[in-house]
1. Can you list residue pairs whose Cβ atoms sit under 8 Å apart, with the first residue in region 137-162 being in contact (Cβ under 8 Å) with a residue 24 or more places away in the chain and the second being outside any loop (DSSP other than H, G, I, E, B) and surrounded by fewer than 10 Cβ atoms within 10 Å (Cβ to Cβ)? Count only pairs 6 or more apart in sequence or on different chains.
2. Return only the number of the condition from (1) at negative phi; (2) of a type outside the set (A, V, I, L, M, F, W, C); (3) open to solvent by less than 70 Å² (accessible area, probe 1.4 Å); (4) at pLDDT below 90 that G71 does not satisfy.
3. Does region 100-121 contain at least one residue that is out of contact with any Asp or Glu (no Cβ under 7 Å at 6 or more places or on another chain), loosely packed, with under 10 Cβ neighbours inside 10 Å and over 30 Å from G45 (Cβ atoms)?
4. Does I88 fit the bill of being closer than 22 Å to L5 by Cα, touching a residue at least 40 places away in the same chain (Cβ under 8 Å) and among the β-branched types (V, I, T)?
5. With respect to T138, is the statement that it is among the polar types (S, T, N, Q) and in a helix (DSSP H, G or I) true?
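The values are calculated or read from the model by the stated rules, or taken from the named source; none is laboratory data. This structure is a prediction, so every number in the text was calculated from the model and none was measured. When we count neighbours, we look across all protein chains shown, and the Cβ atoms used for this are built from the backbone with ideal geometry, even at glycine. These area figures cover heavy atoms from the full protein model, side chains too; ligands, DNA and RNA do not enter into them. Shrake-Rupley method; radii C 1.70, N 1.55, O 1.52, S 1.80 Å.
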Amino acid sequence: MRLTLNDVLTGVTKKFKVKKYVTCPDCHGTGSQDGKTETCGQCKGSGVVYRSMRTMMGTMQSQSECPGCGGTGSIIKNKCPHCGGEGIVMGDEVVEVKIPKGIESGMVLNMSGKGHAGKLNGIPGDIEVIVTVEENKTFVREGKNLHYQLPLDIPTAVLGGS
């Protein structure tokens with residue numbers, strides 16, 4: 001986000017449009033057309049399957065994500081036609097970010113929960129806003145200080161004037 005020096009001095013709230021995955025408006029993120037799901041028969045609702053292998057060292061057991069339900073523990077019978085059972089669709093959202101006073105170029109503002117929506121009502125991601133403060137023609141910023149160079153002739157400096 002590009003900011004002017006005036007924005008940095010006063011603090012400001014900016015809005016911008018983000019193209020991202022949002023919760024499906026038809027199924028409200030469930031992925032199901034009618035809101036119903038069934039328990040996965042392969043993992044019995046646990047989301048994981050176990051495999052046992054006999055080796056020379058004995059029996060080894062491994063655990064992995066259930067291929068039938070993808071680790072959710074439930075299966076959607078009537079998938080939402082709008083999102084295809086994912087619970088998310090591509091859309092636009094206007095995000096509002098509050099810029100604090102005194103922010104400097106290169107600083108990052110983390111906006112928790114404003115990123116892509118999670119599949120099947122999962123946790124949404126974050127947006128990181130990287131700040132760039134534009135150069136100012138009148139003032140030079142050095143840390144928290146502002147410097148101004150005033151062209152001044154000697155008589156005005158000695159005797160005063162406007």
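1. F139/H147; R141/H147
2. Checking G71 against (1) at negative phi; (2) of a type outside the set (A, V, I, L, M, F, W, C); (3) open to solvent by less than 70 Å² (accessible area, probe 1.4 Å); (4) at pLDDT below 90, the one that fails is (1).
3. Yes, the conditions are met somewhere in region 100-121.
4. No: the conditions fail for I88.
5. Here the answer is no, as T138 does not meet what is asked.
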